[in-house]
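Encoded as structure tokens, the structure appears first; notes follow it.
The values are calculated or read from the model by the stated rules, or taken from the named source; none is laboratory data. Quantities reported herein were computed from a predicted structural model and do not represent experimental measurements. Don't worry about glycine lacking a Cβ; one is built from the backbone with ideal geometry, like all the others, and counts go over all protein chains shown. SASA here: full protein model, heavy atoms, side chains in, ligands and nucleic acids out. Shrake-Rupley method; radii C 1.70, N 1.55, O 1.52, S 1.80 Å.
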Amino acid sequence: MLFKSLVKEGMTKGQRIYREYLKSAHWKEIRGLALDRDKVCKSCGKDDQLQVHHIRYRTPWESCTLDDLQTLCRECH
């Protein structure tokens, strides 16, 4: 737990807000929709180790839409 608190202390306010957003119901829902839509990495076509990448960042985070996201594999991300 000490390590986690040290990491949080070294983060900017914006980074902390973003990390919290990644735990939100909105992010989980829209992330799932992006994965369902794309099914493969939009860069190389792989279908494993997929992550969702923000093409554009919006604030507040809750205004993020599917058009702001694309699916990438871990390597391309």
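Values computed for the structure shown
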{"quantity": "Fraction of accessible area attributable to carbon and sulfur, the chain (%, probe 1.4 Å)", "calculated": "54"}
{"quantity": "Those trypsin sites (Lys or Arg not before Pro) in region 32-77 that DSSP places in a loop and that have at most 12 other beta carbons within 10 Å", "calculated": "39, 56, 58, 74"}
{"quantity": "For the chain: accessible area per residue (Å², 1.4 Å)", "calculated": "74"}
{"quantity": "Ellipsoid semi-axes in whole angstrom, largest first, where each is sqrt(5λ) of the Cα gyration tensor of the chain", "calculated": "25, 16, 11"}
{"quantity": "Relative contact order [Cα under 8 Å, 6+ residues apart], the chain, whole percent", "calculated": "29"}
{"quantity": "Lysine pairs in the chain with Cα atoms under 18 Å, if 8 or more residues apart or on separate chains", "calculated": "5"}
{"quantity": "Long-range HN-HN contacts of residue 42 with modeled amide H, under 5 Å", "calculated": "71, 72, 73"}
{"quantity": "Phi-based couplings in Hz for region 31-41 (Karplus 6.51, -1.76, 1.60; Gly and Pro marked x)", "calculated": "4, x, 5, 5, 5, 5, 5, 7, 6, 9, 4"}
{"quantity": "Coil-residue chymotrypsin sites (Phe, Trp or Tyr not before Pro) of region 27-75, DSSP, other Cβ within 10 Å capped at 14", "calculated": "57"}
